[in-house]
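Laboratory data are not the source of any read-out in this text; all were calculated from the coordinates shown. Source: prediction; values computed, not measured. Cβ placement follows ideal geometry from the backbone for every residue including glycine, while neighbour counts extend to all protein chains displayed.
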Amino acid sequence: MVIYEVGIMFRGFPLIHSNNRHITQNKIDMISRLGILTQLFDFIQATYSEPLTEYLENKDFIIAFTKEKMLIYDANESENIIGYAILDKEKRIDKHISKNIIPFLEKTLKKFVAQNESKDLLNNPDFIDFETGLNDIFYKKIIK
């Protein structure tokens, strides 16, 4: 299994991300790509009362995701913060996603929320520790 990219996004913007390879030959703007992912996630949330989906797949790629609610300094309500991973499609990938990818994303996202709740996420991007943690998915044996 090849993991191409992993990250945390908020309001369609990448807060932190790490990538292993180029996703496509024609370079798609990251903010545009993550904006589309955010819209897909919002659509799924609006369509189903409980999220029944942990990942979306197409012919070549799978996008696994998880979310947490987080109180932001400029909002009265909690907002979604989304952890995501983009990986190649292979047979029986659902077991790897549910046993490895989703738990990794959930653990990383919970830690991020705990350390950054009520902070200005878009104007104070000091998340180097988390970016290093995201690199663990590429270099350590998180995926078995």
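Taking amide H as placed 1.01 Å from N in the peptide plane, the amide H of Val2 sits under 5 Å from that of Asp88, each at least 5 places away or on another chain. Modelled this way, with points 7 Å down the Cα-to-C-beta line, the labels at Ser98 and Asn123 are 4.4 nm from one another.
Summing Lys and Arg as +1 and Asp and Glu as -1 over all other residues whose Cβ lies under 12 Å from the Cβ of Glu79 gives a net charge of -2.
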